[in-house]
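To start, the structure itself, in structure tokens.
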Amino acid sequence: MAIYHLEAKVISRGAGRSACAAAAYMSCSRIYNDYDGIQHDYTRKQGLVWQQVFLPENAPPEWQDREILWNAVEENEKTKNSRLAREIIVALPIELSPAKWQMLLTDYVQNNFVADGMCADVCIHDTDGHNPHAHIMLTVRPLDEHGKWQYKTQKEYLCVRNGEERGFTAAEFKAAQSEGWEKQYLYKPEKGKKKIYLPPSEAERRRLTRADKHPKSTKYGRQNPISARWNREEQLVEWRKAWADVTNKYLAVVRSVDRVDHRSHAERGLDEQPTIHEGVTARALERKGIVSDRCELNRQIKADNALLRELKATVRRLTNAVKVAIPAVAEALETIRAHMVVLQYHLLHGRAEIRDVSGRIDWNQPLVDEYRSVKKEIREKQAQKKELLTQKKNTGIFNPIRLLQLNQQIITLTEETEELKTRRDHLMHEVGWQNETEMKEAEGTLSQMSAYVKKLTAQQETLTSQLAADEAQYRETEAKVAPEQADALLDARVSLRGSFRDQIRSKLREMFGQKFQYDRLSSAEEQIDARLGEDSDLFRERVAKLRQEQEMERRRNQPSRTKRKTRDHER
């Protein structure tokens, strides 16, 4: 079915990324980056379905070539941490054909980005036929009417006049200067006082010396209003809503009943837990038969949601059908209790998982940290040794004392480095690593384990909230029965308890497979009964008595020949 997914990122040099590299990756092409002289070749990458560059009317037509477009972006950004582009990744509905995907993306990109002055580079990927998605790269600078890049931010000088302070850009200051506005500079005041900002006229009158040549300015400058609007969180919300709207429009065209919604579960008033993004790595592990933590968590979330929907539907049906009949109330109470037992089992399982994974993290993390520290020391000492060898090479033979000192320092560094390498190897052996690759994989595994613990902790909070809601519903349903009907209600529930217990056991076995534990189920039942104020021993006695009565009734109803055989067998 159609799912909603829109992820927005910023491609910046500060994060070590390149617009040319990103464009080459998503278009499965080869692009040479003039800025750093690196050629990015992704022509062997598979999965490209369609690609197109969209330009506003005032953009140079040669930018239809993505290599020229993104090199123009790279050339215009001068700083080492410049924001180069914005990337939006959207999931495409599998109900639509590839031709409809192109129409959908063209509609969305033209109306939301190109019409607003952005250049857009769009590519559709669908490697295995199960995860169609599109990459949309957008420029972050607006264009003027001549197709030239506008500024993202301008330096804003804080000028003064008659005690009033106001900000001006360089172009604005030319006109403001004729009106008496002056820039402010840092000056050294009288001895013992802090440096202060003053206009040159005031500093000259007080005969102060300038301490800095740079005038006073705002911290971040003045942002281009168009760029500022594109960077607002509200704008991202609008883009997310627009994607949901246009997707639903095309789903309606193909007469699909599915619809997507950009809002979160909380905003839509849903009690269900949202699933997490699994990613290609997790799915690849699953295809190899390896259980991925992300996929396992999603399976549990989906199972929880299915149980929650089932509970709501059952209770709603029973409540609407017969609100005060003892059998209906008994079934409703047992249904709610069964769901609470399953939730409590999930809580116990999650707590055990958190303890297990956290224990592994607590044991491995110090070793990984120490390994990193030792590696850092080894690199530092190797650098020092390299510097000393260079000094030794440049020291003449006529300076034997200096040569002796350098040799002694080199020997000391070599010994210390070897000791550190021994400690590094010992750490690797202690954790079971064989090489650097396994060490990096272990660091990645620790990061995944930490994220898994966070997800499980969040799931614990959600399950706890659901338990509280179920308990409130249980109390409300229980209150519908008069006190004098308590024994009849108990008998009705006892007659249902065995079948519900079998349902709980089968559901948990299906969910957890080999991880299912009977002891944990018993603990979950005891904790839920204690929470609901039920007497577990009384229920067990009643259930045992009921089974005994049912067995006696079954024997009484047996044919005489069968009874005779049974008595002979008993003898």
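The values are calculated or read from the model by the stated rules, or taken from the named source; none is laboratory data. A quick note: this is a predicted structure, and the numbers were derived from the prediction, not measured. Here the Cβ positions follow ideal geometry from the backbone for every residue, glycine too, while neighbour counts run over all protein chains shown. For the accessible areas, the whole protein counts, side chains as well, though only heavy atoms, and no ligand, DNA or RNA atoms are used. Shrake-Rupley method; radii C 1.70, N 1.55, O 1.52, S 1.80 Å.
Using only side-chain charges placed at the Cβ, +1 for Lys and Arg and -1 for Asp and Glu, the dipole size of segment 136-240 relative to its Cα centre rounds to 720 debye. Straight-distance candidates among the lysines for linking to LYS100, with alpha-carbon spacing under 23 Å and chain neighbours fewer than 8 residues away dropped: LYS241, LYS249. Heavy atoms of the protein chains alone define the surface here; on that basis segment 131-222 has 65 Å² accessible area per residue at 1.4 Å probe size. With all protein chains kept in place, the per residue accessible area of segment 378-440 amounts to 74 square angstrom at a probe of 1.4 angstrom. Sites listed here are GluC sites (Glu not before Pro) in segment 339-399 whose DSSP assignment is loop and whose Cβ has at most 12 other Cβ atoms within 10 Å, and the list is empty.
Of interest is the spacing of the C-alpha centroids, which for segment 65-84 and segment 387-449 amounts to 40 Å. Solvent-accessible area of segment 47-188 (1.4 angstrom probe, protein heavy atoms only): carbon and sulfur portion equals 46 percent. Here segment 327-377 has 51 percent of its accessible surface on carbon and sulfur atoms, given a 1.4 Å probe and all protein chains in place. Heavy-atom surface analysis with a 1.4 Å probe gives segment 406-536 a carbon and sulfur content of 48 percent of its accessible area.
Protein heavy-atom accessible surface, 1.4 Å probe, per residue over segment 1-65: 56 Å². Once the Cα-Cα distance is subtracted from the 0.36 nm per residue extended length, the ARG263 to LEU48 segment shows a gain of 74.5 nm.
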